[in-house]
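The values are calculated or read from the model by the stated rules, or taken from the named source; none is laboratory data. Since the structure is predicted, the reported quantities are computational estimates derived from the model, not experimental observations. Using ideal geometry, Cβ is built from the backbone for each residue, glycine included, and neighbour counts are taken over all protein chains shown.
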Amino acid sequence: MVISQSEYYISPEEYLEGEKFSEIKHEYIDGQVYAMAGASDAHVTVSMNISMLLRNHLRGSGCRVYMLDMKVQIDVINRYFYPDVMVTCDPRDRGSEYFKSYPCLIIEVLSESTEGYDRGKKFANYRHLESLLEYVLISLDQMSVECFRRNQEGHWVLYPYEKEQEVHLASVDFHCAIAAIYEDVLLVDENIS
C-alpha cells in the first residue's frame, strides 16, 4: 500500500542502502520510494501458511522461499517490490543478499487497499521477469486462490481454485488442499454470516 512518496529522484543504489537501515519497508518505482503499510492478522497468517507449506515441499531442492521482507528486483523497468511470498530456484539469486532477480513464483495476498494494484499494475510489472512462471493471488474475503501461469507461448492463463479444491503450483510441482493455506484464518465472508 502506498502511503507516502519522496519528492526527488533516488538511485537504485541509494534505495538499497537506505532499506538496510530503514525501520519501515519501501517499494521503489523509477526513482521514487513508497512506504508500505502493515498487514492484518489474516494476511500475515496466510502468507506464513503458504510459505511454510512451500518450504517443507522444497526442502533440499535448491529452491528458496522468501516471505514479506525480501525484495524482488525488476531491473529492466527499474522496480523493487516486496512480494508476500516468492520462490527462486535460480543459482544466480544466491549471490544477492538483499533482493532476488529470478523468481519462478510470486504470491500476493490480497487486501482491500491493494487488490486493484496487485491485479493490475503490479502484475504488469512482474510480467517483465523472464524467470517468472506463476503469479498467485490469494483472497482474504473467501477461500479463493487464482494462479496465473505462463504457458509455452508466453501467455498468462488463469487457474482458479476454490473451497475444497486442491491447489497446484506447477512452477515448483506443489499440491495442497486450499484449506491448508487458510488454516487459522477467519475469512471476511465468515465474519458476515
**Request:** Give the number of residues within the range 147-167 that are among the polar types (S, T, N, Q) and in contact with a helix residue (DSSP H, G or I) (Cβ under 8 Å, 6 or more places away or on another chain).
**Result:** 1
**Prompt:** Can we say Ala42 is surrounded by 13 or more Cβ atoms within 10 Å (Cβ to Cβ) and modelled with pLDDT under 80?
**Reply:** no
**Qualifying positions in the range 80-129 - surrounded by 14 or more Cβ atoms within 10 Å (Cβ to Cβ), within 18 Å of Ala42 (Cα to Cα) and out of contact with any strand residue (DSSP E or B) (no Cβ under 9 Å at 6 or more places or on another chain)** = Ser111
**Message:** Out of the strands (runs of 3 or more DSSP E) lying entirely within the range 107-193, which hold 1 or more residues that are without any contact (Cβ under 8 Å) to a residue 40 or more places away in the chain and more than 20 Å from His57 (Cα to Cα)?
**Reply:** 144-150, 156-162
**Request:** Please determine, by comparing only the residues of the range 1-28 that are in a strand (DSSP E or B) and at pLDDT below 85, which one is nearest to Ser171 (Cα to Cα).
**Result:** Glu27
**Request:** Return yes or no: is Met52 more than 26 Å from Gly154 (Cα to Cα), buried (at least 17 other Cβ atoms within 10 Å of the Cβ) and without any contact (Cβ under 8 Å) to a residue 24 or more places away in the chain?
**Result:** no
